[in-house]
Number of protein chains: 2
Amino acid sequence: MSRDLPPLNALRAFEAAARLESVSQAAEELHVTHGAVSRQIRALEEHLELVLFVREGRGVKLTEAGVRLRDAASDAFERLRGVCAELRQAAVDRPFVLGCPGSLLVRWFIPRLDRLNRELPELRLQLSTSQGELDPRSPNVDATLLFAEPPWPADMQVHELARECIGPVLSPRYARFADLQAAAPARLLDEALLHTASRPQAWPEWARAQGLDEQSLRLGQGFEHLYYLLEAAVAGLGVAIAPQQLVADDLAAGRLAAPWGFVETPARLALWVPTRRNDRRAERLAEWLRGEL
Amino acid sequence: MSRDLPPLNALRAFEAAARLESVSQAAEELHVTHGAVSRQIRALEEHLELVLFVREGRGVKLTEAGVRLRDAASDAFERLRGVCAELRQAAVDRPFVLGCPGSLLVRWFIPRLDRLNRELPELRLQLSTSQGELDPRSPNVDATLLFAEPPWPADMQVHELARECIGPVLSPRYARFADLQAAAPARLLDEALLHTASRPQAWPEWARAQGLDEQSLRLGQGFEHLYYLLEAAVAGLGVAIAPQQLVADDLAAGRLAAPWGFVETPARLALWVPTRRNDRRAERLAEWLRGEL
DNA sequence: CATATTCGTGAGTTTTCCTGACAGGTTGAG
DNA sequence: CTCAACCTGTCAGGAAAACTCACGAATATG
């Protein structure tokens, strides 16, 4: 019996009352009524089978045992407070690691990174684009930015940022650009359709949205990553299909054109935050991203 | 917000789980289910906005922050445990102070003290008979043994030990002892009735119980304390009235006689323990006293 | 002497916490 | 591979703890 701890909440009430030499002030500090503190102290005294306070009419006074317990409890609590504060500070100071696919990183994020670091400096954002598959549950990332379709997993808090819109893009330097520019979507069936292994559904999805027969698609050159695919399109090697967000800068600069516009897909650009990491910084980042899109 | 303590019960659950590296074992140590521990740890993680454990299939592993918190918490708790144990040990080692009227002390307790100290040595009994009025609420006594009538005060835990029985006693050396020995109680009205200021009701009470007219009592010599009264009776100075318990030894030794027996009064010989002092030792003492009576 | 504080206590209610059962996932043996 | 053993997380519901509110007692204060 002597090996177990005293009731800790009672000890906290006692510590406050002992430090302030007043039940009422302790109650105020703990945001409860004095009755609650009184009862907690009583419970502690009964647990320890010790008298900690001498009640003298108005006010209370510590007994000898009370003084010793207060010293120990104040010290222990102060220490815990300190460690918790340190840990939380360390968590805030640590850079915020955002996982992100390479293509999104290069074609969308990097051009905006400077502004983000200026507008949210306390975030200390650090981008991480792993080699293999992106793992939003990895302990090495605080959040992950990606294109994905609902429903969302239960262990993730997902901030939806934008709908994904995909569409064919090609460079003005592409051989038949002039012909294609004003042509109907169906004309694309005859072109070299660049694609990636990571998004095999992109062209068929687009074809369906345009009312075309997806069976008649003839896929041309394939690329491992969307990033290479877009580089190839910019270089005029063919017609690529890509999310609008990733080519927005290229369209604005005239490096690419999207004559047939974009169509919505079921996917969203979303920020995934593991529910376990109840991190305020993720919310600030999501808000900034939403403003940026 | 960083100034307040983490939820302490959650911290206790975490500390156990971290020390044992197992939620289930922690649950066993704390005598709760693993679900409860899991919830507490979760609550702590949410409060601190920190990940303390990495769940890996079977078993859990501490994060870096978790290790630091465990070290701090284990240390703090161990310290508190130690101080509480010390305080309780000190309370046990301290002598048990029993308040007691002088007459009871001298005529009943002292002859039995040696045996009590042999049978309850860990009690380290210390008897205190104050000069003035006995105060069961004094912080200087752990319990008080006295004759008193119910009802009992609410702030006292009262162990009733025996009914008070009073009766006239006199020494065989008393002048008219031979005449009185077999006489009716009414004969006492003519004798020198020794009495004390502290128990003015004793003779009238006894007279009523005997069916005598209490108005016709003629009180003789008065004494300040019952103790002196009894000494006077033993010395053959007159007829005293006293509780049976206080004269039992004198009756057995033939120093006093009680030809008219004893009558019950509303009072009890009782051990009063302040409710605040939830002291096991008082209960042990009460039990011993009950056996002795 | 009335008044304002301060503490203790009891009844009733809110909140918390625990239990018990189930689901998901890993480990190791057959 | 399958299966059992084991560990953890989660949820609904109910027990237990804690709080609030109101009152009474005791003591300073004007």
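The values are calculated or read from the model by the stated rules, or taken from the named source; none is laboratory data. None of these values were measured; they are calculated from a predicted model. Heads up, the Cβs are rebuilt from the backbone with ideal geometry, glycines too, and the neighbour counts pull from every protein chain shown. These accessible areas exclude ligands, DNA and RNA; they are computed on the full protein's heavy atoms, side chains included. Shrake-Rupley method; radii C 1.70, N 1.55, O 1.52, S 1.80 Å.
Comment: the Cα-to-Cβ extended label point of A:Gly211, at 7 Å, lies 12.6 nm from its counterparts in the other copies, nearest first. Taking Cα centre as origin and charging only the Cβ of basic (Lys, Arg, +1) and acidic (Asp, Glu, -1) residues, the dipole magnitude of the protein assembly as shown rounds to 300 debye. Projected onto their three principal axes, the Cα atoms of the protein assembly as shown cover extents of 150, 40, 39 Å, largest first. Per atom type, chain B shows carbon and sulfur on 49% of its accessible surface, probed at 1.4 Å. Here the Karplus curve 6.51 cos²θ - 1.76 cosθ + 1.60, taken at θ = phi - 60°, turns the phi angles of segment B:39-53 into couplings of 5, 5, 5, 4, 4, 5, 4, 6, 4, 7, 6, 9, 9, 9, 10 Hz, with x standing for Gly and Pro. Treating r as the C-beta distance of A:Arg39 and B:Arg137 and R0 as 25 Å, the FRET efficiency rounds to 0.70.
Comparing mean-square fluctuations of B:Pro121, B:Pro111, B:Pro151 from a GNM of chain B with C-alpha springs under 10 Å, the top value falls on B:Pro151.
With all projection directions averaged, the alpha carbon convex hull of segment B:75-210 covers 12.7 nm². Considering only B:Leu251, B:Ala192, B:Ile110, the residue lying farthest towards the positive end of the dipole of chain B is B:Ile110, judged by Cα position with unit charges set on Cβ.
Helical content alone sets the calculated 222 nm signal of chain B at -13000 deg cm²/dmol, taking -39,500 (n - 2.57) per DSSP H segment of four or more residues and averaging over every residue. Loop-located trypsin sites (Lys or Arg not before Pro) in segment B:51-159 (DSSP state other than H, G, I, E, B) with a sparse environment of at most 15 neighbouring Cβ atoms within 10 Å: B:Arg58, B:Arg124, B:Arg137.
Taking the charge dipole of chain B about its Cα centre, with +1 at Lys and Arg Cβ atoms and -1 at Asp and Glu Cβ atoms, the residue from B:Thr129, B:Ile166, B:Gln201 reaching farthest to the positive side is B:Thr129.
Taking all protein chains into account, the per residue accessible area for segment B:95-293 stands at 47 Å² (1.4 Å probe).
In this simple spin-label model, placing a label point 7 Å from the Cα along the Cα-to-Cβ direction at both B:His225 and A:Arg290 gives a separation of 8.5 nm. Here the Debye sum runs over all C-alpha atoms of segment A:197-236 as equal scatterers in vacuum, and log10 of I(q)/I(0) at q = 0.16, 0.30 Å⁻¹ comes out as -0.46, -1.02. Think of a 1.4 Å ball rolled over the protein heavy atoms: segment A:8-92 then has 49 Å² of accessible area per residue. Where does helix A:280-292 land angle-wise versus the long Cα axis of chain A, in degrees 0 to 90, nearest 10? Computed tilt is about 30 degrees.
Extension gain, A:Glu78 to A:Ala248: 0.36 nm times the residue separation minus the Cα-Cα distance gives 55.8 nm. Oblate is the label for segment B:79-131. Its Cα gyration tensor axes, ordered a ≥ b ≥ c, give a/c of at least 1.5 and b/c at or above a/b. Think of each Lys and Arg Cβ as +1 and each Asp and Glu Cβ as -1; about the Cα centre, that makes the dipole of segment B:91-133 roughly 140 debye. Across chain B, the volume of the C-alpha convex hull divided among the residues equals 177 Å³ per residue.
The angle separating the long axis of helix B:110-119 from the principal Cα axis of greatest extent in chain B is about 30 degrees. Spread over its residues, the convex hull of the C-alpha atoms of segment A:1-67 is 76 Å³ per residue. Applying the Kirkwood pairwise sum to the alpha-carbon positions of segment B:159-262 produces a hydrodynamic radius of 13.6 angstrom.
Only Lys, Arg, Asp and Glu carry charge here, each on its Cβ (+1 for the first two, -1 for the last two); on that basis chain A has a dipole of about 380 debye about its Cα centre. Shielding of peptide A:43-50 by partners, expressed as the average count of other chain Cβ atoms within 10 Å per residue Cβ, is 4. Separation of segment B:1-74 from segment A:1-69 is 26 Å, based on Cα centroids. Entry note, segment B:8-92: relative contact order of 27 percent, from Cα contacts under 8 Å with a spacing of 6+ residues.
Interface A/B, total buried accessible area with a 1.4 Å probe, nearest 100 Å²? Buried area between the two chains comes out at roughly 4400 Å².
Across chain A, C-alpha contacts under 8 Å between residues 6 or more apart give a mean separation that, scaled by the residue count, equals a relative contact order of 20 percent. Gyration tensor over the Cα atoms of segment A:116-181: the corresponding equivalent ellipsoid has semi-axes (square roots of 5 times the eigenvalues, largest first) of 33, 18, 14 Å. Measuring how big segment B:1-151 is from its alpha-carbon positions, Rg and Dmax come out at 25.6, 74 Å. Here the spin labels are modelled as points 7 Å beyond Cα on the Cα-Cβ line, and at B:Asp71 and A:Lys61 they lie 4.3 nm apart. Take B:Arg176, push a point 7 Å out from Cα through the beta-carbon direction, and compare it with the same point in every other copy: 14.9 nm, smallest first.
Shortest first, B:Glu21 label-point distances to identical copies amount to 4.9 nm, with the label point at 7 Å from Cα along Cα→Cβ. Ordering of B:203-210, B:163-170 by packing is B:163-170, B:203-210, highest average first (other Cβ atoms within 10 Å, averaged per residue). With the simple model of a label 7 Å out from the Cα in the direction of the Cβ, B:Arg115 to A:Arg176 spans 12.1 nm.
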